[in-house]
Structures are given as structure tokens and as C-alpha cells.
Amino acid sequence: MYIYVYVYVCICICIYMYMYMYICICIYICMYMYMCMCAMSRYYCIILALVIYLDFYCLSCLTSYLVCVCVCVCVCVCVCVCVCVCVCVCVVRHQFEMVTLSDRLVCAADNQEELLTHLHHILKVILPGGVSYAEVGGASAVSKVCVVEVGGASSHSDAWLLLWEDGVSVYPVHRDTQQALRMDLSTLTHHEMGPSENIITMATADRRMALRFEEQHSCQSWFSHLQTALTNQRAAPQRQSPARRSLYPVMSQGTVPPAVERCISHITAHGLKVDGVYRRCGLAPKVTRLVEALMTSPSSAPLESDEQGVLDAGSALKQYVRQRESLIPDAVRQQWVNAAMISDERSRFSAYRRLLRQLPDDNRATLNALFGHFYMVQVFSQVNRMSAQNLALVLVPTLFQTLNQDLLRLTRELIIHHTLLFLTAERGEEEEVTVL
Amino acid sequence: MPEQSNDYRVVVFGAGGVGKSSLVLRFVKGTFRDTYIPTVEDTYRQVISCDKSVCTLQITDTTGSHQFPAMQRLSISKGHAFILVFSITSRQSLEELKPIYQQVLAIKGTVESIPIMLVGNKSDETAQREVEAKEAEAQATAWKCAFMETSAKTNSNVKELFQELLSLEKKRDMSLSIDGKRSGKQKRADKLKGKCSIM
């Protein structure tokens, strides 16, 4: 009797497995074919497709899938920071599309919430500071564009164009020289696309703006999202968007010294792949000159983009940080050391966050900028050999003027868990710690 | 912590990533690891023969990233002999030794009686060579010190380097071997832990 039941169950399982396999292979092949167009993205997509396949096949839990989606998203983030041109969301199918100069990548998730979480993380990385939560929370298309005309005057500057549920925002890449612009969808009087030059023109009663896209696909895609948003806007004009709190709750105030920002953006642009960046030293006389220039007029400090120039900039940044007032004031130094000695990870992290909150706004903003940058550097550790541990080793003396194992761990964790410690909202803290 | 008077202190200087730790580890432990881990400061001790007796050779492996200028000054003032390491694959690493040499000169006053070795490490990487032996020799002559090319990876000239350095010391008669019985006892001390109060 039992043996019959057993055989029956086995056969059932086999049939189910076979069906799932079949479905998954189909999905896999479809995705693969689609992604073949772009060589680089192909590999990420294979990972994604394989994971979906495995998930169906083994009927295993969501975990492995989540982990791999995270891997994919991380890779995407790396790619997009340098060359991302456009990110578009298609909420209906729970996927978003990412277009770079050379590739097109589609990221899918199980449900919308999960998808948006990933999207928000990507947007947080690519968009400059000052973006509100409402804008990112309601974002449907983001693209790197060239602003060719604004308010009648012609211009030529790179910016991130963000379409969200209530409006259109333009965030200049060079924040120090230009202001962010915002247009409400409800006030938009005119919009058109010039397909031949990939230019979208938008106008309100008092302002007119023309934006050129890098390539046609992003332009069309963005425009169709704009039209959808306008339709939605007309259908439900009084819709209340979710809580309009700041995207960077911990980070809402404070300014980063221009010298630090300049070095960071220089090294991000030219130095992420330089072997031993921040470990190898710059030319002493040049570094001294650079530090002087950074102290007096940061915007004109002569940074060079070759390998030596990057090492010089790295050394100069370290020296600049050392020479200024300590980012973690001496008075609270001991509290940081004590926090670093807590053995339980969760309590240690919440101690870090509490101490970060207590810091002066400017110090916190500067630390956030620095550690966000070091996080990016260690993402490339396969190439530059500067893992979080190595970076921590060479940076601890810069930050604390002393070195011990606890401070080393503190610095390493501030790098690795930068988003969690600096950028994540306080509420739901417990949950986030366990996820990471 | 008073230093023992018969300790002979050798300090290894050089830019980041030129192979200071690799050289020291090859000499002290006979091993080589192809990893990339920055050093803060490590001290190794080894017993050598000295004036028909024994003394401790204390090798200080420093950081290449100029992080602790005060500590660098302290190392120089306490050091008896210096090894200045550059990588033959990087002209820059030779350039970076110049300020260190100047500092040694400034602190010690004269380098006449101080054993200093200029070392071109990574001699196995001939394909990436940027500094010719002749150039380095010229630099060594200018600095009145000895020059040697080594490879910690292939264990070429490493022991010879330390032997040569000890032979340059005229005040004591030192040798690496102690009557066939070499004590391999070395103590790796995280010097920083005890001394960070100096900063």
C-alpha cells in the first residue's frame, strides 16, 4: 500500500518538476535571446535566469533568488555609476530596464516592492544629493541628459533627468555650479520629442527646457513614460504621494568641504581601477602643492587624471583630512572606541549610528561622502587590490591618528556597511540589520 | 620599555607596495606570500652573532604610506642601520626614497658611519623594469651607500642583503650565523599597541 503511495507521489513530483523545468527553460531562453544583443549584460542575465530556473525547479525558498538579484543589482550599480544613461521602470511586469552606453539590461523581481527597493538603491547611488524621497519613491524614469536649452538661453551641461509621479526634476552633474530645476507635471503646458536629434522639449507657463538624450531608445522610452505620467496625473490630479520625508534621513544636513568632494569625484572618475589606490603614495612635493591648493582654492587645484595623478590626489586627500580638525572629535573618540569593542554586531551597529547622529552635521556629511567613496573603491578591489580591510588599514591613521584592532574593524565596517550606517532611515532598524 | 643595549636595530623604509614586508618575511621566516596587505608596523627579532657573542637583530618593517611622520622620525633616531627599498618596476618608488633619505641625513647628521642599503626589489619582474641597475647604482653612489637588487619572490639576494648590511657596520663585528646554531625564534610584536601614546 505504502509503496503505491510512494510511487504515486514520486511520479507527481517528477511531472511537476518537468513542467517547472519546461517553463523555466522557456523563460531562460527568452531572456537569454533578448540579452544576447548586449554582450556585457548577458552574463548578469544568465545569473538571474539561472536563479529563476533553480527557484522553480527546486521549489526552494526565495533566499537564493534574493541573494542573486542583489548580486545582479550590485553589478548593475557598478556599471551604471560610470556609464548609466537611463533607468526606466515598468511596474506592471515588475521589472526595470537599465540602459548604458553599450548595453541594455532588464532586472526583474518577484513583486513591485522588492523591485522598487532595488531601484531606490540604484537611484541613491547615481543621483546626486538633495533628491527627496518623494522623487525617488515615485520615480518612473531617470536618464542622463544634456541640457541644451533652459529658459530661452542655450546651454551645454550634463544632468540627471528624473521623472516622478508629480513632476520632472533636473539634477546637474556639477552641483556646485548649477541649480537643480523642478517642474510640476500639472503646470506642464507643452511637451514634444524631436526624434531626429533625441531632444525632448518641455515648457511650463514661465519656463522652457530642451534636453538631449544620448541615444534614441532612452529618449523614446523616457517620453512614453512622460506621456503615461501625464495621463495618470490628469486621471487623478489630487493624489497624495507617500510621506515626503528626506531620502537621506541621517544625511539631511551638513556640507562636505569642496576639497574633499573634488578629490573624491576625481578619484571616482579616474582612479577606481588604479592598483593600490590610497595605499601607494603620491609624489611628495606634488602632494604638498596639491594640499596647499586644496586648502586655498579647491576648484582650481591641479589634479591630473593619469595613474600618478590619482595617487597624488589620494595622498592629498588623506593629508587634507589629517590636517583639518579631526572628523571624529577627540572628546568623543573614546565613545567610538568603546562602540567598536561591542561584540554583538547589531548593538555595535546601532551604537555607530547613534554616534554618527551625535556628530556635528558637517562632520557627518563629510564622513558619509568619504565612506561612500571608499565603498566604491573596494567594489573594484579585484582590480585595485584595495579591499575594505586594506583601505581600513591605510585610512585608520588618517581618521583617528592612531591605530588598533577595534578602530580597524570600525573603519572597515563603516566602509562595508556604508548604506546601512549612513543612509538608511532609523525606523525598521532591527529588520535591516538582519537582512544585511 | 627600555631597549636592550645590545639590540641591533635595522629599519626598512620604502614606498607602499614595493615589497618591504615580503623581503623581511622572506629573510625571517623564509616564506613568500603573494598577498596584498598593507603593513602598519611590525618588528621581528632574530639572534645573530656579534663580537664573538650574540645579540638580537631587530628588524622594523614600516608602513609605506607616510601615515605616522612622528613614528618615522622615532624609527630613524632609534635605528642603527637602514634598508631603503624601491621596486625596479616603479621609478616613482625610487623617487619616494629621497625624502626618507633626507630625513635620515637630517636626524643622524651624517651617514658616513651608518650602514644604509639601497635595495631594488622585484628583480624577477624584468619585463616591467623601469629602473635600470646603473641608475640605482648612481643614486647609491650619490648617497654613499651600497646597492643591491633582490627578489623576495624568488629568494634572490635576500640573505646576502642582510649579510652585506651587517658587514657595513664597522663598530661591531656581526654575522648572521651563530656557530651553526641559528635561533629561529622571532617575536612578531605589534609595536603600535604599546607605543601609540607617542602620537
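Do the conditions hold for A:F374, that is, is it within 30 Å of A:H174 (Cβ to Cβ), aromatic (F, W, Y) and under 27 Å from the mean Cα position of the chain (by Cα)?
Taking the combined requirement at face value, the residue satisfies it.
For B:E130, the conditions (1) surrounded by fewer than 17 Cβ atoms within 10 Å (Cβ to Cβ); (2) part of a helix (DSSP H, G or I); (3) in contact (Cβ under 8 Å) with a residue 12 or more places away in the chain are fulfilled apart from (2). Number of residues in the range B:69-99 that are in contact with a strand residue (DSSP E or B) (Cβ under 8 Å, 6 or more places away or on another chain) and either buried (at least 24 other Cβ atoms within 10 Å of the Cβ) or not in a strand (DSSP E or B) (or both) equals 18. For A:R346, the stated conditions do not hold, so it cannot be described as in the same structural domain as A:T268 (by TED's automatic domain parsing), part of a helix (DSSP H, G or I) and under 12 Å from A:L414 (Cα atoms). Report yes if B:G17 is in contact (Cβ under 8 Å) with a residue 60 or more places away in the chain, closer than 23 Å to A:L395 by Cα, assigned to a loop (DSSP other than H, G, I, E, B) and within 14 Å of chain A (Cβ to nearest Cβ), otherwise no. The answer is yes for B:G17.
Name the single residue that is nearest to the other protein chains (Cβ to nearest Cβ) among those in the range A:274-291 being in a helix (DSSP H, G or I) and among the charged types (D, E, K, R). The extreme case among them is A:K286. Mind checking whether some residue in the range A:368-390 is assigned to a loop (DSSP other than H, G, I, E, B), on the phi > 0 side of the Ramachandran plot and either modelled with pLDDT of 95 or more or surrounded by 15 or more Cβ atoms within 10 Å (Cβ to Cβ) (or both)? Yes, the range A:368-390 contains a residue that is assigned to a loop (DSSP other than H, G, I, E, B), on the phi > 0 side of the Ramachandran plot and either modelled with pLDDT of 95 or more or surrounded by 15 or more Cβ atoms within 10 Å (Cβ to Cβ) (or both).
The values are calculated or read from the model by the stated rules, or taken from the named source; none is laboratory data. Quantities reported herein were computed from a predicted structural model and do not represent experimental measurements. Note that we place each Cβ from the backbone using ideal geometry, even for glycine, and neighbour counts take in every protein chain shown.
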